[in-house]
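See below for the structure under consideration.
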Amino acid sequence: MRAGILTDGVIAGAAGTTALNAVTYLDMTLRARPASTTPERSAGRVADVTHLDLGSEPQASNRRAGLGPLLGYGIGIAAGAGLALLTRGRPMPLALAGGLLGGGVMAASGSSYAVFGVSDPRTWSRGDWLSDLIPHLAFGLVAAAAWNRLRTPHI
């Protein structure tokens, strides 16, 4: 597989991640809700499992706060690269690719929360699910649109 195909997937994943973050921050602004602590707690669990020493408090807390969003970017970028591998460089119908990407990333995130004991999606309220679903759909649609734009020849 050509490196350009994977690069386009990485770019699409980064675009989708930017959309997810923008929709999340817009939701926080409109509903005046606090930021989720799930990314930070996930980063802490990953550090624990991998025996990564984050230092003593408050440095460890600050590192978790930075690592949480970085994990999110990593997942989004990896999903874009995965799309590149799955499609072998070809564009995909927007709704199909958007749904696969958004749903896949949401499922990966939610299952990792459960595996690491950070959160149990089975206990989430309807509002919790919507707060998770809408940004992930934005991720999927923007990543798919970017992918298709990058992979379609232009005159």
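For the chain, set up a GNM with springs between Cα atoms under 10 Å and report which of 81, 95, 145 has the largest fluctuation. Per the Cα network of the chain with a 10 Å cutoff, 95 tops the list.
For residue 48, the solvent-accessible surface with a 1.4 Å probe is about 90 Å², rounded to the nearest 10. Rolling a 1.4 Å probe over the heavy atoms of the protein chains gives the chain an accessible area of 58 Å² per residue. Taking 41, 64, 31 in turn, the Gaussian network model of the chain (Cα-Cα springs below 10 Å) assigns the largest fluctuation to 31. Once the Cα atoms of helix 94-115 and of the chain are each reduced to a long axis, what angle between those two axes, in degrees from 0 to 90 to the nearest 10, is obtained? Taking Cα atoms only, the helix is inclined about 20 degrees. Starting from the Cα gyration tensor of the stretch 34-94, take the square roots of the eigenvalues, sort them a ≥ b ≥ c, and report rounded, prolate or oblate (rounded when a/c is under 1.5, otherwise prolate if a/b is larger than b/c, else oblate). It comes out prolate by the Cα gyration axes. Helix 59-87 and the longest principal axis of the C-alpha atoms of the chain enclose an angle of approximately 20°. Here the simple spin-label model places points 7 Å from the Cα toward Cβ, and for residue 152 and residue 78 these points are separated by 3.0 nm. Other residues whose C-beta falls under 14 angstrom from the C-beta of residue 106 contribute a net charge of -2, scoring Lys and Arg +1 and Asp and Glu -1. In the complete set of protein chains, residue-level accessible area for residue 77 is approximately 60 Å², probe 1.4 angstrom. Calculated FRET efficiency, residue 96 to residue 37, Cβ-Cβ distance, R0 = 41 Å: about 0.75 to the nearest 0.05. Computed on protein heavy atoms with a 1.4 Å probe, the accessible areas place 116, 139 in the order 116, 139, largest first. Dividing the Cα radius of gyration of the stretch 1-136 by 2.2 N^0.38 Å, with N the residue count, gives 1.13. Going by alpha carbons, how many degrees (0 to 90, nearest 10) lie between the helix axis of 126-151 and the longest principal axis of the chain? Long axis of 126-151 versus the principal axis of the chain: about 30 degrees.
For the stretch 1-120, which whole percent of the accessible surface, found with a 1.4 angstrom probe, sits on carbon and sulfur atoms? In the stretch 1-120, the share of accessible area belonging to carbon and sulfur is 66 percent. Charge tally for residue 116 (other residues, Cβ to Cβ under 10 Å; Lys, Arg +1; Asp, Glu -1): +1. Rounded to the nearest 10 square angstrom, residue 124 shows an accessible area of 50 square angstrom against a 1.4 Å probe. Would the stretch 1-69 count as rounded, prolate or oblate if I go by the C-alpha gyration tensor, calling it rounded below 1.5 in a/c and otherwise prolate when a/b exceeds b/c, oblate otherwise? It comes out oblate by the Cα gyration axes. If Lys and Arg each add +1 and Asp and Glu each add -1, what is the summed charge of the other residues whose beta carbon sits under 12 Å from the beta carbon of residue 11? Once all neighbours under 12 Å are counted, the net charge is +1. Across the stretch 6-11, rounded Karplus estimates of 3J(HN,Hα) from the backbone phi angles (6.51 cos²θ - 1.76 cosθ + 1.60, θ = phi - 60°) give 5, 4, 4, x, 4, 4 Hz, Gly and Pro being marked x.
Here the simple spin-label model places points 7 Å from the Cα toward Cβ, and for residue 60 and residue 26 these points are separated by 3.8 nm.
The values are calculated or read from the model by the stated rules, or taken from the named source; none is laboratory data. Keep in mind the model is a prediction, meaning the values are calculated, not measured. A quick note on method: Cβ atoms are made from the backbone with ideal geometry, for glycine too, and the neighbour counts reach across all protein chains shown. Remember, those area values only see protein heavy atoms, side chains included, never the ligands or the DNA or RNA. Shrake-Rupley method; radii C 1.70, N 1.55, O 1.52, S 1.80 Å.
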